[in-house]
1. For the Cα atoms of chain A, what angle does the longest principal axis make with the long axis of helix A:70-84, in degrees from 0 to 90, nearest 10?
2. How high is the FRET efficiency from A:Lys51 to B:Asn374, r the C-beta distance, R0 22 Å, rounded to 0.05?
3. Which residues of region B:155-181 end up with at least 10 Å² less accessible area in the presence of all protein chains than when their chain stands alone, using a 1.4 Å probe?
4. Treat each spin label as a single point 7 Å out from the Cα along the C-beta direction, and report the A:Asp3 to B:Glu48 distance in nm.
5. Working from Cα positions, state the angle (0 to 90°, nearest 10) between the long axis of helix B:251-270 and the longest principal axis of chain B.
6. When N is the residue count of region B:8-123, what does its C-alpha Rg come to as a fraction of 2.2 N^0.38 Å?
7. With a 1.4 Å probe on protein heavy atoms only, tell me which residues of region B:335-375 lose at least 10 Å² of accessible surface in the complex relative to the chain by itself.
8. Whole number please: convex hull volume per residue of the Cα set in the protein assembly as shown, in Å³?
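The values are calculated or read from the model by the stated rules, or taken from the named source; none is laboratory data. Everything quoted here is computed from the prediction, not taken from an experiment. For neighbour counting, all protein chains shown are included, and Cβ atoms are generated from backbone atoms with ideal geometry for every residue, glycine included. Protein only, heavy atoms only, side chains kept; ligands, DNA and RNA dropped before computing areas. Shrake-Rupley method; radii C 1.70, N 1.55, O 1.52, S 1.80 Å.
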Amino acid sequence: MTDYTDTIRSFIENEMAAPGTKVTLSPSDSLIDKGIVDSLGVQRLIAYLEKEFGVQIADTEIVPEHFETISAVAEFINFKLGAKG
Amino acid sequence: MDATTFTAEQDKFREMAMEFARRDLNPGAKEREKLGKFFEEGWRKCAEFGIPGITMPEEYGGLGLDTMTAVATMEGLGYACRDSGLLFSLNSHIWTCESPINRFGTPGQRRRYLPGLISGELKGGHAMTEPEAGSDAFSMRCRAEKRGDRYLLNGSKTFITNAPIADLLLVFAVTDGSKGFAGISAFIVEKGFPGFSAGRPLETMGLRTCPLGEVFLEDCEVPEENRLGAEGSGAAIFNSEMEWERSCLFAAHLGAMEKILEECVEYARQRHQFGRAIGKCQSVSHKIADMKLRTELSRLMLHRVAGLKSAGRRAPLESAMAKLFISESYVQNAGDALQIHGAYGYSTEFDFERNLRDAIAGKIYSGTSEIQRNIIASFLGL
């Protein structure tokens with residue numbers, strides 16, 4: 001199982017934080033509480049994950065547990081890649 | 001009309017929808033529009049025709065066809081139907097109630113609600129907007145509190161399409177106030193549930209035959225089994241709904257734009273002023289050329305996004321761009337058509353002024369033009 005935490009963190013820190021701001025996130029920081037992922041941002045994050053990892057994420061999988069922290073996102077991607085075989 | 005991206009079968013659906021609208025939906029449309037009266041019989045006939053069930057599974061009474069067929073049908077209806085309010089009412093029923101229940105519902109929820117929604121016996125919609133939460137939809141105040149095996153919903157919703165006639169609504173409410181958009185859940189609420197009531201129909205500028213109203217939830221009891229999706233998945237359900245609606249509903253606008261364009265060309269060829277057809281004046285012909293350009297670009301954008309959805313792909317950016325472009329093009333074309341027809345366009349005897357009133361709604365519902373631009377900017381990293 002590959003750890004994608006750094007790849008995902010890099011995208012979120014560089015692309016999803018407010019333009020012109022520098023943020024440093026730990027894998028367990030709440031992306032929602034910190035305002036990094038909002039209702040628009042989650043759609044952009046999903047589009048990135050689908051493209052970067054070649055997975056298809058169903059609408060029913062877009063639940064807070066999968067997107068609350070960087071760790072949760074990485075775990076979800078590992079699950080998706082495992083399911084993909 | 002030219003729609004080369006449709007298959008022969010999809011094109012047949014569009015033709016059939018046009019014939020159906022002229023025969024069964026148009027009689028009395030002008031009078032209903034004046035009175036703001038919903039066309040109950042027209043709804044029933046649309047259901048008999050199969051419109052609410054085009055993409056729905058056959059096991060629940062649907063036709064089980066693809067998204068492009070639904071788009072072709074909506075284009076045909078948009079072209080020929082003069083009761084735009086009825087079309088909007090139907091589209092809300094399909095994309096904001098029936099379709100999310102099909103995609104997010106449990107087998108039990110699908111069995112319970114889809115057959116009635118597909119047959120037209122049940123009318124549906126969704127309830128998201130609140131008096132203080134419009135474009136900032138996820139700042140809603142409506143709360144859902146878990147009590148044993150049920151939720152108690154409290155709050156109010158406004159500008160809810162189909163609320164005065166709906167048998168069930170997909171109501172969005174906050175289940176965890178600490179999680180922002182991730183603390184919102186969706187509930188299938190029947191009109192007979194204790195604590196549910198719908199207010200008076202609201203009068204609007206356009207789409208006047210589509211019932212629009214308020215919803216009040218006072219300790220409204222909703223069984224846990226009526227929660228759609230997991231707790232906290234309301235935003236995902238709403239975003240998915242909007243993506244589908246933006247990808248398909250606006251086919252009706254494209255159909256209307258095609259009809260308006262044809263009427264303008266015909267008028268510009270027949271109408272003579274200053275000794276020649278007005279179409280020979282560049283002030284008119286250039287306007288019509290731009291209308292043609294906007295219509296064809298709208299078609300390309302709509303068919304692209306519908307193709308993505310048909311292939312099971314996600315299209316949040318593409319659907320936002322298509323919705324924005326088509327709705328603004330429809331307003332522009334409807335305004336230009338009115339100007340080209342002069343006083344005839346301004347007269348309520350013809351459909352040009354109604355087209356313009358109906359078109360303006362498209363820049364507001366399904367997310368305003370400004371929200372679509374926010375989505376596009378967000379995908380650009382802004």
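1. 20
2. Working: r = 21 Å, r/R0 = 0.97.
About 0.55, to the nearest 0.05.
3. Those are B:Ser178, B:Lys179, B:Phe181, which lose 10 Å² or more relative to the chain on its own.
4. Between A:Asp3 and B:Glu48, the simple spin-label model gives 6.7 nm.
5. So the inclination is approximately 10 degrees.
6. Working: Rg = 14.0 Å, N = 116, 2.2 N^0.38 = 13.4 Å.
Cα-based Rg divided by the globular estimate yields 1.05.
7. Checking the loss per residue gives B:Asn374, B:Ile375.
8. Details: hull volume 70.7 nm³, N = 467.
Looking at the protein assembly as shown, the number lands at 151 Å³ per residue.
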